[in-house]
Amino acid sequence: MVLLMTSRRKIRELIIQFLYQWEMNKESPFEQILSLFWDVAEIKEEDKKVVEEWIRDIVKRKKTIEEKINSYIKNWSLDRLAIVDKCILMLGIYEILYRKDIPPAVTINESVEIAKKYSTEASGKFVNGVLDAIRKESGRQAWITSS
């Protein structure tokens, strides 16, 4: 019997769901929120390690990621941004800036599709614009090319 890994989309959705819970419960200790999240998250055990690693890395870089979001939302502030959109942007920025193994075009496409699913059509366009601007600023090509 072959066990299939959880899809990258599902992993991204779980990370965004955790980030959303964390944003909604800022007064609760991180470890408590993570423990409660694992009580209800539906994921294969072998993939849980990857998801938790990404979550911890994003949380460690939260301040830098939020500053990056703030620098790209014109005439708006982070506290006025829809929480789900903020969480999608946090994951997308993390992938673009810190996950060199993932092509930015994949990150942006996945983020837009998740925004359309969990937020609004307008959120998809907003997420696309912010993440593409950050990709350009980062100097990364949209696609990873082999040398």
query = What is the one condition in (1) farther than 23 Å from Ile144 by Cβ; (2) touching a residue at least 60 places away in the same chain (Cβ under 8 Å) that Ala122 does not satisfy?
reply = (2)
note = Apart from one, (1) within 16 Å of Arg9 (Cα to Cα); (2) touching a residue at least 60 places away in the same chain (Cβ under 8 Å) all hold for Ile83; the odd one out is (1)
key: Filtered residues of the range 125-145 (kept if open to solvent by 70 Å² or more (accessible area, probe 1.4 Å) and in contact (Cβ under 8 Å) with a residue 24 or more places away in the chain)   = Gln141, Trp143, Ile144
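On the basis of being in contact with a Phe, Trp or Tyr (Cβ under 7 Å, 6 or more places away or on another chain), more than 24 Å from Lys26 (Cα to Cα) and either among the β-branched types (Val, Ile, Thr) or part of a loop (DSSP other than H, G, I, E, B) (or both), does Ile102 make the cut?
Numbers: in contact with a Phe, Trp or Tyr (Cβ under 7 Å, 6 or more places away or on another chain): no; more than 24 Å from Lys26 (Cα to Cα): yes; either among the β-branched types (Val, Ile, Thr) or part of a loop (DSSP other than H, G, I, E, B) (or both): yes.
When the stated conditions are applied, Ile102 does not pass them.
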Residue pairs meeting the criteria (Cβ under 9 Å; at least 6 apart or on separate chains; first touching a residue at least 24 places away in the same chain (Cβ under 8 Å) and small (Gly, Ala, Ser), in the range 27-44; second surrounded by 13 or more Cβ atoms within 10 Å (Cβ to Cβ) and assigned to a helix (DSSP H, G or I)) = Ala41/Leu14; Ala41/Gln17; Ala41/Phe18; Ala41/Lys48; Ala41/Val51
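The values are calculated or read from the model by the stated rules, or taken from the named source; none is laboratory data. Since the model is a prediction, treat every value here as computed from it, not as a measurement. Note that we place each Cβ from the backbone using ideal geometry, even for glycine, and neighbour counts take in every protein chain shown. Just the protein is used for accessible areas: all its heavy atoms, side chains included, with ligands, DNA and RNA removed. Shrake-Rupley method; radii C 1.70, N 1.55, O 1.52, S 1.80 Å.
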